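One structure is given here, and the rest of the page talks about it.
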Amino acid sequence: MENAPSDTEIIKTKNIDFYYGTFKALTDITMTFEKNKVTALIGPSGCGKSTLLRLLNRMNDLIDGARVEGEVLFEGMNIYDPEVDPVEIRRRIGMVFQKPNPFPKSIFNNITYGPRLTSTANKSALEALAEQSLKQAVLWEEAKDILGRSAMILSGGQQQRLCIARALAMKPDVLLMDEPTSALDPISTAKIEELIDELKKTYTIIIVTHNMQQAARISDKTGFFYIGKLIEYNATEKIFTNPDVKQTEDYITGRFG
Amino acid sequence: MALPLGVVAAIYLTEYAKQGKIVRAIRVGVNSLAGVPSVVFGLFGLGFFVVFMNFGSYILAGALTLGILILPTIIGASEEALKGVPQTFREASLALGVSKWLTIWKIVLPSALPGILTGSILGISRAAGETAPIMFTAATFFTAKLPQPIFDEVMALPYHVYVLATSGTHIEETRPLQFGTVLVLVALVLGVDLIAIVIRSYMGRKKRW
Ligand SMILES: Nc1ncnc2c1ncn2[C@@H]1O[C@H](COP(=O)(O)OP(=O)(O)OP(=O)(O)O)[C@@H](O)[C@H]1O
Ligand SMILES: [Mg+2]
């Protein structure tokens with residue numbers, strides 16, 4: 001079978017072109033994301049990193065006039081097949097956004113929002129799930145006594161970890177993160193980086209970041225994008241020490257971008 | 001009764017319909033309906049409910065006509081409120097694998113509710129002050145008995161004032177009656193508006209984003 005996934009790959013894009021109306025934002029992207037690895041997407045502003053990320057769980061469906069050509073295979077299944085339900089895809093491929101976006105609900109209700117609407121879990125199961133997710137997101141100690149209070153009283157870093165917990169509560173296979181620490185202070189950022197390192201044991205993580213050190217610290221593989229094209233995709237170590245492409249080196253050393 | 005209809009229409013317009021020519025045409029239509037003088041609605045109510053549907057001059061006909069009268073206001077208010085819900089809420093919910101319909105029901109509508117309610121209540125208070133629609137469809141100038149629900153003629157407060165103040169030979173003598181009626185009307189409208197304000201400030205306090 002041509003589309004059969006190997007053990008290590010979980011998502012594979014094949015010759016993806018992406019358009020916002022007539023504007024072509026991505027050109028011929030073919031790349032493989034490996035299971036239980038952290039993959040970083042880097043590149044100058046506007047090169048299409050967020051576009052690619054949102055394309056992987058069909059969040060771009062929400063944009064009027066957006067169009068995808070090519071295939072995105074998730075465990076061997078093309079998620080753009082007309083028969084595939086995007087809602088189901090998003091359950092298995094979760095997403096954390098650049099700005100923390102908790103609902104104006106209690107902390108508990110934020111975390112259990114998804115499971116409550118998509119499963120038949122009862123109250124005690126939900127409570128256990130909330131605790132587990134909060135522990136995974138390293139927010140349990142700070143939040144366990146205020147679960148009933150509004151998520152809006154949390155700090156930005158706490159809110160972002162809450163959003164991670166909320167995504168984890170759906171038990172996805174893949175977690176997409178779009179600059180999850182760009183709105184946070186260094187301490188919160190460090191916490192989330194530690195968290196990502198821990199999470200990759202269970203999840204596959206694809207993260208967009210503008211922070212070179214961050215990409216170097218936390219990722220196993222790195223893809224460098226420039227104006228809608230994938231310029232180089234390699235092991236992170238290689239990208240940051242001895243990249244194959246001159247453009248990559250220029251970007252990483254800060255000579256442009 | 002116009003409330004659910006108006007909210008459903010607004011949800012369709014803002015959340016589901018492709019933002020193209022047709023939606024814009026509907027929106028223009030709705031907006032111009034809001035500007036139509038109430039007499040026209042009254043005549044429409046008379047023609048449609050009373051004559052065509054054979055309701056007679058009854059409360060039901062009046063109520064339906066008022067419902068149509070405030071529908072544009074409600075749609076407008078609801079649309080504004082729905083648009084005011086941050087896109088990030090929708091994204092957050094959808095990204096969790098929650099369907100669009102549930103997202104609207106669980107996240108968008110509750111967030112928009114204060115706006116929808118205040119807008120609609122203001123619309124209702126407008127309806128309370130309207131004379132023309134009821135004049136044609138439901139009202140008589142004077143009944144001594146209290147109306148039976150739904151199928152009876154009623155006195156509409158503004159119309160009552162109008163008749164008292166302009167017709168009859170004893171205008172001077174009916175002054176206290178006029179003032180009394182006006183007082184009731186103004187109190188009613190004020191009361192409804194006050195409810196709107198209370199709802200907004202109460203719900204506004206809970207939501208900060
Ligand atoms: N909704 C949209 N409609 C039209 N064009 C868009 C839309 N979103 C993004 N674009 C365009 O697509 C290109 C890629 O945008 P994208 O957001 O993917 O870039 P990015 O690499 O994530 O940038 P940044 O690092 O600034 O977040 C940009 O030129 C942008 O202007
Ligand atoms: Mg981006």
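Over region A:169-227, with every protein chain in place, what whole percent of the accessible area is carbon and sulfur at 1.4 Å, could you tell me?
52 percent
Using Cα positions and a limit of under 23 Å, work out the lysines in reach of A:Lys49, with same-chain residues fewer than 8 apart set aside.
Excluding near neighbours in sequence, the set is A:Lys12, A:Lys14, A:Lys24, A:Lys35, A:Lys37, A:Lys99, A:Lys200, A:Lys221, A:Lys229, A:Lys238, A:Lys246.
For the charge dipole of chain A, defined by +1 on Lys and Arg C-beta atoms and -1 on Asp and Glu C-beta atoms about the Cα centroid, which residue among A:Leu195, A:Asn122, A:Asn15 has the Cα displaced farthest towards the positive pole?
Highest projection toward the positive end goes to A:Asn122.
Expressed in nm to one decimal, what extension gain is obtained for the pair A:Asn242 and A:Asp81 from 0.36 nm per residue of sequence separation less their Cα-Cα distance?
Gain in length upon complete extension: 54.1 nm.
May I ask you to derive the FRET efficiency for B:Ile197 and B:Val8 from their Cβ-Cβ distance with R0 = 35 Å, giving the value to the nearest 0.05?
So, using R0 = 35 Å, E works out to roughly 0.85.
Mean-square fluctuation check for chain A, GNM, Cα pairs under 10 Å: which of A:Tyr19, A:Tyr203, A:Tyr80 is largest?
Answer for the Gaussian network model of chain A: A:Tyr19.
Using 0.36 nm per residue of separation minus the Cα-Cα distance, give me the extension gain between A:Leu117 and A:Glu198 in nm, one decimal.
26.4 nm
For region B:90-116, state which residues have at least 10 Å² less accessible area in the presence of all protein chains than in their chain by itself, taking the probe as 1.4 Å and leaving out ligands, DNA and RNA.
With the partner chains in place, region B:90-116 has these residues losing at least 10 Å²: B:Glu91, B:Ala92, B:Ser93, B:Leu94, B:Ala95, B:Leu96, B:Gly97, B:Val98, B:Ser99, B:Leu102, B:Lys106, B:Ile107.
Using Cα springs under 10 Å in a Gaussian network model of chain A, which residue among A:Ala40, A:Ala190, A:Ala167 shows the largest mean-square fluctuation?
Result for chain A, Cα springs under 10 Å: A:Ala190 fluctuates most.
Under 20 Å from the Cα of B:Lys106, which lysines turn up, not counting those fewer than eight places away in the same chain?
Hits, sequence-local ones excluded: A:Lys105, A:Lys123, B:Lys83, B:Lys206, B:Lys207.
Give me the percent relative contact order of region A:8-110, please, defined on Cα pairs under 8 angstrom at least 6 residues apart.
Worked out over region A:8-110, it gives 29 percent.
Would you list, by chain and number, the aspartates and glutamates whose Cα falls below 14 Å from the Cα of A:Lys171, excluding same-chain residues fewer than 8 positions away?
Correct list for A:Lys171: A:Glu88, A:Glu131.
If you take the beta carbon distance between A:Tyr20 and B:Lys83 as r and set R0 to 25 Å, what does 1/(1 + (r/R0)^6) give as a FRET efficiency, to the nearest 0.05?
0.70
Considering Cα pairs under 8 angstrom that are at least six residues apart, work out the relative contact order of chain A and quote it in whole percent.
26 percent
Does any residue of region A:70-107 lose at least 30 Å² of accessible area with all protein chains in place compared with its chain alone, and if so which ones (probe 1.4 Å)?
Output list: A:Val87, A:Arg90, A:Phe97, A:Asn101, A:Phe103, A:Pro104.
Pick out which of A:Gly223, A:Gly48, A:Gly114 has the largest mean-square fluctuation in a Gaussian network model of chain A, springs linking Cα atoms closer than 10 Å.
Largest GNM mean-square fluctuation: A:Gly114.
Put +1 on the Cβ of each Lys and Arg and -1 on the Cβ of each Asp and Glu in region A:124-257; which of A:Leu176, A:Val138, A:Gln160 then has its Cα farthest toward the positive end of the dipole?
A:Leu176
In Å², nearest 100, what accessible area do chains A and B bury in total when the solvent probe is 1.4 Å?
Buried: approximately 1800 Å² between B and A.
What whole-number value in Å² describes the accessible area per residue of region A:120-257 for a 1.4 Å probe?
46 Å²
May I ask you to compute the full-extension gain from A:Leu62 to A:Lys99, defined as 0.36 nm times their residue separation minus their alpha-carbon distance, rounded to one decimal in nm?
11.5 nm
The values are calculated or read from the model by the stated rules, or taken from the named source; none is laboratory data. Every value quoted in this text rests on a predicted model; they were computed, and no experiment measured them. No Cβ is skipped: glycine too gets one built from the backbone with ideal geometry, and neighbour counts run over all protein chains shown. For the accessible areas, the whole protein counts, side chains as well, though only heavy atoms, and no ligand, DNA or RNA atoms are used. Shrake-Rupley method; radii C 1.70, N 1.55, O 1.52, S 1.80 Å.
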